[in-house]
Amino acid sequence: MTAVAAPPPRPLWRRLLGFNLLTALVLGVGGWYVGWFGAHAVKGLSIAYFADTDYNELSVVMAYIGGVVGFLVGLGFLNYPIARMRGYPPSLREKETHGWTRYFSLCTDHKVVGIQYLWGIGLFFFIGGLNAMLIRTELLRPNHQVFPAGTYLTIVGMHGTMMMGMMTSGILGPFANYLVPIMIGARRMAFPRIEALTFWLLMAAGTILTSTIFFGGFPTGWTGYAPLSNEGNPGMDNYLLFFALVGISMTLLGLNMIATVLTMRAPGLTWTRLPIFVWGVLSTAVLMVLAAPVLIATLGMEMLDRTAQTTFFVAAGGGSSYLYQNLFWVFGHPEVYILALPGFAIVLELLPVFSRKPLWGYRLAVGGLLGVSLLSWFVWQHHLFVSGINGDLRPFYMLSTELISIPTGFTFLCGMMTLWRGNIRFTVPMLFCLAWFFNFLIGGLSGVFLSDVPSDVTTHGSFFSMAHFHYTIMGGLVFTFFAAIYYWVPKMTGWELNERLGKVHFWTMFIFFNSTFFPLFIAGFEGQPRRVVTYSSHLQFLNDWVSVSAFLLGISMLVFLFNLVWSLAFVKKPAEANPWSSRSIEFQLPSPVPVHNFDRIPVFSSDPYGYGEGPVPTWVAPAGAPAGSE
Amino acid sequence: MAAEPSAASRPPADSTNHGFRVVVAWIALSVVATPLVAILVGRLFPPGNGSAQGTEQVLDNTVLLSVITPVVCLLAVFFVYGLRSFHAAPGAVVDGPPLRNDSRIQILWIVGTGVIVLFLAGFGTFELLQNGAGGGQGPNPIAVPGGSKLQVQVIGQQWQFTYRYPSLGGLESNQLVLPENTDVELHVTSLDVIHSFWAYELGVKADANPGSDNVAFVETKGPETFHVRCAELCGLWHGYMYNNGRVVSSAQFQSWASQQKKLYAAIAPFMNKSPADGGAPYSKTYLPLPSERAG
Ligand code: HEM
Ligand SMILES: [Cu+2]
């Protein structure tokens, strides 16, 4: 598919020199030490890090900032701005690179970035999952047994932080980057270099969080509440830097999505013809752009509290611990809808394909997505019902929280009515979408208890809320994440995934997911708090059951991993262009999609849901025609 | 491109009234299931009847469960019926009827969910305003039970709670002891990081924030032992921050108090002045207790 003349391949050693991941790692380590010793030079004498009692907060922070800068320079993010400053004309030369090396360097092809995201996020998702297994190992017994208390807290915190940080971009990173330009008939994102930057920032962030174990870990869980965070080891700074970088990455990702959808839609693609997935991406992106900066600022304040002895969150110095909680949840609540909305969108996008009916109530579905993203700004203090903050506003937050179930209900209604009288095919992606209804129903209805103040008095901070958000995030987001993988990865890679293994993966995941998390509602009701190494001995049976289920759930994930590696690296069965008989535009293109997506920019005449309404309109040039006439 | 299904290959529209069947099955199931679930599961709800607030929470949970049961029934009936009736023959890719909208269903759905939501919010607010439902309400509580109350200050620190009784001369104890059938006013605060005071059987939870006063109310019932746990991650030994408390008869409470006062007399001069001597009712210092906890 390469109309652009490929440059003659250079020898491998020559290709390793230059701006790529290798250089980035070398410069990253170099930058790390520059920051480390630089900060020591500014701040004091201690050169070596020996123990908690002799560390220098500033140097840890500066080391990682130096490391990130070095890493980005090594990848070549400065080349373009410098070239422009020296008067070279604008170009997208990074897009033209070929071969596997482009996956390990700055590449501005939105399809490459999507695949980079998929593997990159997958890697950290795996680390987060391993942490979950360690948590469940510790909780096999009511007493503290395997890990030291501090290590246990670090594992819980790393699991939660990693999952939240990575999975916020879990759909938008891989799938929106890959699909949104295609779905709107464009050849690229609005800001292709920023697109690449969001990915590499996330990878730098993940590395920083993982390396917290070398600095004593952090005791606060994923919420990082002050003033506990002021007491933390230097590993706490890893948490702060991780989440701040994730925040930057999210903001840029969101801005890029909004700009792309607003300005780059092909002719004829009116707002009512936009695929619902793109609407979901848009509403998520708006939340990202507005919420993540609050997070960055809050963590910046906490970083100052730790390094420069400001007292934003220290009561004794005129600050307030409520301030941190308040700011954190102003970000944190939209954040959980950033996790939920893409899931809604994927369900609504896939159901028409597999029930072979148009999306029912398109406008209502869009209204639901936008309604959720609007209302999600008015509910954050439901995380603080018993904290003593604004006690008199609790009835308001109770109402606003429960109101969200109305637009959420739109997604249910539209999805269910799309299934109604359809010709449902139980393919692997469809099974994951159907499971979403089950899981999100339980997640949502358990939320009814948490949003009700009298009931929340007992369930707040207990395993009940833990089970609730796993039902919404894992049951809501991760299940649809897998639906998206099974649905789109053949298109993205050009190779089929094994269907039988996919079904094994689905059923084991569905069963063990429920048998892991449902009992935790009971554990919470029985009084087991979150984030503790000890629990009352009468809860041991329940916890053991949960742990064993969690291990089996872990094995189910390995089935998936095996399927992925086996199908993509060994079997390599070429995927058809349109394996699902979908009317969506990406399936009218060859698999994998050629570098420039379209020969001619398509002209849209309908939405992609016209099942039962006649043949697919010919939007695009016939598949297989030479691409690259940009 | 894969075989493109055409409208002509669609089977003739079936005349069964699927909607009617689902609605009838749903109503039947809900009518049976809701009372059953409310009666059978309602009793199991936490935190039990250890206090007026606990009883109220149980009622609240039961009402919530009764409201959501019909919702669960609707989805269960829909999916069991729908997935059985509307699946395609294996391997067949046939378009279904192009139904795109039905505003009557949309309106019904919005009104239905709206009514449920407004009921839930109204009911929750009503229950909350009775007596605060045991939750921390901040320094200026809005739901205050009438009558006289026993005041107790709960002081969180890493990693234990200390209880101070202003009405007993500022006496401090590391175990919470309360008289039966009494309205108690808890003032929760912290000396270091955020903790959360959770007396499970009493149905009380209130965060302890440094430098602030979080008030929660509880009306005790008969004598019992209850568990206290910290419910907000507060650092290394958070998992060990638990203890027992007791609700005892009034006579036992009096004798406990006088006994504690004697013990306390020795160190009282080093503490804050008691309110009887014009001191502040709530301390900023505390009685340190060497705690030999596990680990
Ligand atoms: C393999 C599946 C998973 C298992 C077995 C699992 C297990 C757990 C357990 C046992 C805890 C908390 C322990 C405690 O509070 O004492 C926890 C916390 C948490 N999990 Fe998961 N989890 C899984 C997947 C996920 C996923 C996919 C996400 C999000 C995308 C997630 C997000 C979180 C968060 C945010 C916390 C809270 C951490 C905190 O308290 O700071 N988990 N998980
Ligand atoms: Cu605590």
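The values are calculated or read from the model by the stated rules, or taken from the named source; none is laboratory data. The structure presented is a predicted model; accordingly, all values stated were derived computationally and were not measured. Note that we place each Cβ from the backbone using ideal geometry, even for glycine, and neighbour counts take in every protein chain shown. For the accessible areas, the whole protein counts, side chains as well, though only heavy atoms, and no ligand, DNA or RNA atoms are used. Shrake-Rupley method; radii C 1.70, N 1.55, O 1.52, S 1.80 Å.
For trypsin sites (Lys or Arg not before Pro), the sites in the stretch A:522-587 that DSSP calls loop and that have at most 14 other Cβ atoms within 10 Å are A:Lys572.
Could you tell me how far the Cα centroid of the stretch A:310-333 sits from the Cα centroid of the stretch A:350-403, in Å? After rounding, the separation between the Cα centres reads 25 Å. The phi-based Karplus calculation (6.51 cos²θ - 1.76 cosθ + 1.60; θ = phi - 60°) puts the 3J(HN,Hα) values of the stretch B:118-126 at 5, 4, 4, 5, x, 5, x, 5, 4 Hz, whole numbers, x for Gly and Pro.
Mind giving me the FRET efficiency for A:Ile511 and A:Leu140? R0 is 22 Å, r the Cβ-Cβ distance, nearest 0.05 is fine.
Using R0 = 22 Å, I get an efficiency of 0.60.
What number comes out for the charge environment of B:Phe253, summing +1 per Lys or Arg and -1 per Asp or Glu over other residues with Cβ under 13 Å away? Residues near B:Phe253 contribute +1 overall. Annotation: amide H of A:Ile424 within the under-5 Å range of B:His87, B:Ala88, sequence separation 5 or more or interchain, hydrogens built in the peptide plane.
Among the protein heavy atoms of the protein assembly as shown, carbon and sulfur supply 69% of the accessible surface, probe 1.4 Å, non-protein parts ignored. Taking a Cβ cut-off of under 13 Å around A:Trp279, the surrounding Lys, Arg, Asp and Glu residues balance to a net charge of +1, with basic ones at +1 and acidic ones at -1.
If you take all other residues with their beta carbon under 13 Å from the beta carbon of A:Gly388, and give Lys and Arg +1 and Asp and Glu -1, the sum is -2. In the stretch B:173-215, burial by the other protein chains removes 40 Å² or more of accessible area from B:Val193, B:Ile194, B:Trp198, B:Tyr200, B:Lys205, B:Asp207, B:Asn209, B:Pro210, compared with the chain on its own (1.4 Å probe, ligands and nucleic acids ignored). Distances between placed amide hydrogens fall under 5 Å for A:Asn578 paired with B:Ala2, all partners being 5 or more residues away or on another chain.
Relative to the dominant Cα principal axis of chain B, helix B:52-85 is inclined by about 20°.
Pairs spanning more than 22 Å between alpha-carbon atoms, out of A:Lys357/A:Lys573; A:Lys491/A:Lys573; A:Lys111/A:Lys573; A:Lys503/A:Lys573; B:Lys149/B:Lys261: A:Lys357/A:Lys573. Close amide H partners of B:Ser190, meaning residues 5 or more places away or on another chain with modelled amide H under 5 Å apart, are B:Gly156, B:Asn209, B:Gly211, B:Ser212. The angle between the Cα long axis of helix B:18-42 and the main principal axis of chain B comes to about 20°, on a 0 to 90 degree scale. Simple spin-label estimate for B:Phe20 and B:Leu108 gives 1.3 nm between the two label positions (7 Å along the Cα-to-Cβ direction from each Cα).
Here the Debye sum runs over all C-alpha atoms of the stretch A:99-571 as equal scatterers in vacuum, and log10 of I(q)/I(0) at q = 0.09, 0.12 Å⁻¹ comes out as -0.58, -1.09. To the nearest 0.05, what FRET efficiency results for B:His87 and B:Ala38 with a Förster distance of 41 Å applied to their C-beta separation? FRET efficiency, B:His87 to B:Ala38: 0.75. The residues of chain B expose on average 45 square angstrom of accessible surface per residue, using a 1.4 Å probe on protein heavy atoms. Split chain A at each of the chymotrypsin sites (Phe, Trp or Tyr not before Pro) in a DSSP loop with at most 15 other beta carbon atoms within 10 Å, and the longest piece is A:51-270. Listed values for the stretch A:246-261 are Karplus-derived 3J(HN,Hα) couplings in whole Hz (6.51 cos²θ - 1.76 cosθ + 1.60, θ = phi - 60°), namely 4, x, 4, 4, 4, 4, 5, 4, x, 4, 4, 5, 4, 4, 5, 5, and x replaces Gly and Pro. In this structure, A:Ile82 and A:Ala41 have a Cβ-Cβ separation that, at R0 = 22 Å, corresponds to a calculated FRET efficiency of about 0.20. For the chain pair B and A, the interface hides roughly 7700 square angstrom of accessible area in total, found with a 1.4 Å probe. Legend: residues in the stretch A:215-230 shielded by at least 10 square angstrom of accessible surface upon adding the remaining protein chains to the isolated chain (1.4 Å probe, heavy atoms) are A:Pro219, A:Tyr225, A:Pro227, A:Leu228. Of all stretches in chain B that contain no trypsin sites (Lys or Arg not before Pro) in a DSSP loop with at most 13 other Cβ atoms within 10 Å, the longest one is B:44-272. Helix B:250-265 and the long axis of chain B differ in direction by around 50°, with both axes built from C-alpha atoms. Rounded, prolate or oblate: which one fits chain B, using the alpha carbon gyration tensor with axes a ≥ b ≥ c (rounded when a/c is under 1.5, else prolate when a/b beats b/c, else oblate)? Taking the square roots of the gyration eigenvalues as a ≥ b ≥ c, chain B is prolate.
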